[in-house]
Amino acid sequence: MSTPGPQAALPAESWAAYSGAIDQTCVQRFVVGFTAASVQKVKKIHLYFHSSGGNVGDGIALYELFRAIPIDLTLYNPGVVASIATIAYLGANHRKTSAHAVFGLHRTRYTAGQPATAGTLKSLAEAATIDDARTEAIVRANTTLPAEKWAYMDQYDLTLTAEDAVAYGFADEIVAFQPPPGAAVYGI
């Protein structure tokens, strides 16, 4: 987490915010922030987490980081958590969503570019199949998404309301990100 100055100590219960793509830079920022928080003995982090997605590998790395940090982590979806950001979100100890937020899921997508050889297309199809298996395993391990939603997602993008997210285990409850008065909110 970015701190206001080089000597500033983080509170034991800290509030932070991230809004952006899921990519290698994002993962690096979280690693640096969580390392600083861990060294400063932060016990709990409340994180505003807003993202429409990004790279599959980076999202899975973020999922694993959220699961592994020795800090009680609560993520809040304030508006949208979609695509690979949904996978990353599932790594948190506690998951909250605002009443008007949505979650999005879809099967892996790649762009072949032009021109594409048969070998390039085959390679992309194999990579997409592997990424679909990885993300599906994470969703199945952490939620109770019903069979009809999986079938729908095989053909279309799936959007879940806050109520759906709680019903299927993506989120624990509907509650807004609300730092207490006077609390500092750090940027990731």
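The values are calculated or read from the model by the stated rules, or taken from the named source; none is laboratory data. Quantities reported herein were computed from a predicted structural model and do not represent experimental measurements. So basically every Cβ, Gly included, is an ideal-geometry build from the backbone, and we count neighbours across all protein chains shown.
From the list T86, T97, pick out the single residue that is in contact with an Asp or Glu (Cβ under 9 Å, 6 or more places away or on another chain) and hydroxyl-bearing (S, T, Y). Let's see the steps before the verdict.
Working: T86 fails: in contact with an Asp or Glu (Cβ under 9 Å, 6 or more places away or on another chain).
Testing whether each residue is in contact with an Asp or Glu (Cβ under 9 Å, 6 or more places away or on another chain) and hydroxyl-bearing (S, T, Y) leaves just T97.
Can you tell me how many residues in the stretch 163-183 are within 16 Å of K44 (Cα to Cα) and out of contact with any Ser or Thr (no Cβ under 8 Å at 6 or more places or on another chain)? First the steps, then the outcome.
The initial filter retains those residues of the stretch 163-183 that are within 16 Å of K44 (Cα to Cα), namely 177-180, 183.
Filter once more, so that each one left must be out of contact with any Ser or Thr (no Cβ under 8 Å at 6 or more places or on another chain): 178-180, 183.
Residues flagged as within 16 Å of K44 (Cα to Cα) and out of contact with any Ser or Thr (no Cβ under 8 Å at 6 or more places or on another chain) within the stretch 163-183 amount to 4.
Limited to the stretch 36-68, what total is found for residues that are under 18 Å from Y186 (Cα atoms), in contact (Cβ under 8 Å) with a residue 24 or more places away in the chain and either surrounded by fewer than 21 Cβ atoms within 10 Å (Cβ to Cβ) or not β-branched (V, I, T) (or both)? It would help to see each step written out before you state the result.
Restricting attention to the stretch 36-68, the residues satisfying the condition of being under 18 Å from Y186 (Cα atoms) are 36-51, 66.
Keeping just the survivors that are in contact (Cβ under 8 Å) with a residue 24 or more places away in the chain gives 36-38, 40-51, 66.
Right, trim to either surrounded by fewer than 21 Cβ atoms within 10 Å (Cβ to Cβ) or not β-branched (V, I, T) (or both) and you get 36-38, 40-41, 43-44, 46-51, 66.
So the count comes out to 14.
So, in the stretch 89-136, of the ones that are aromatic (F, W, Y) and touching a strand residue (DSSP E or B) at 6+ places or on another chain (Cβ under 7 Å), which residue ends up nearest to T159 (Cα to Cα)? Before you say what the answer is, go through the steps one by one.
To start, the set of residues in the stretch 89-136 that are aromatic (F, W, Y) comprises 89, 103, 110.
Going one step further and asking which of them are touching a strand residue (DSSP E or B) at 6+ places or on another chain (Cβ under 7 Å), we end up with 89, 103.
Numbers: Y89: 15, F103: 6 Å.
Per the criteria, the residue is F103.
Restricting to the stretch 1-35, what's the tally of residues that are surrounded by 15 or more Cβ atoms within 10 Å (Cβ to Cβ), at pLDDT below 95 and of a type in the set (A, V, I, L, M, F, W, C)?
Matching residues across the stretch 1-35 total 2.
Does I84 qualify as being modelled with pLDDT of 95 or more, closer than 22 Å to P11 by Cβ, touching a strand residue (DSSP E or B) at 6+ places or on another chain (Cβ under 9 Å) and crowded, with 19+ Cβ neighbours inside 10 Å? Walk me through it before giving the result.
Values: modelled with pLDDT of 95 or more: yes; closer than 22 Å to P11 by Cβ: no; touching a strand residue (DSSP E or B) at 6+ places or on another chain (Cβ under 9 Å): yes; crowded, with 19+ Cβ neighbours inside 10 Å: yes.
In short, no.
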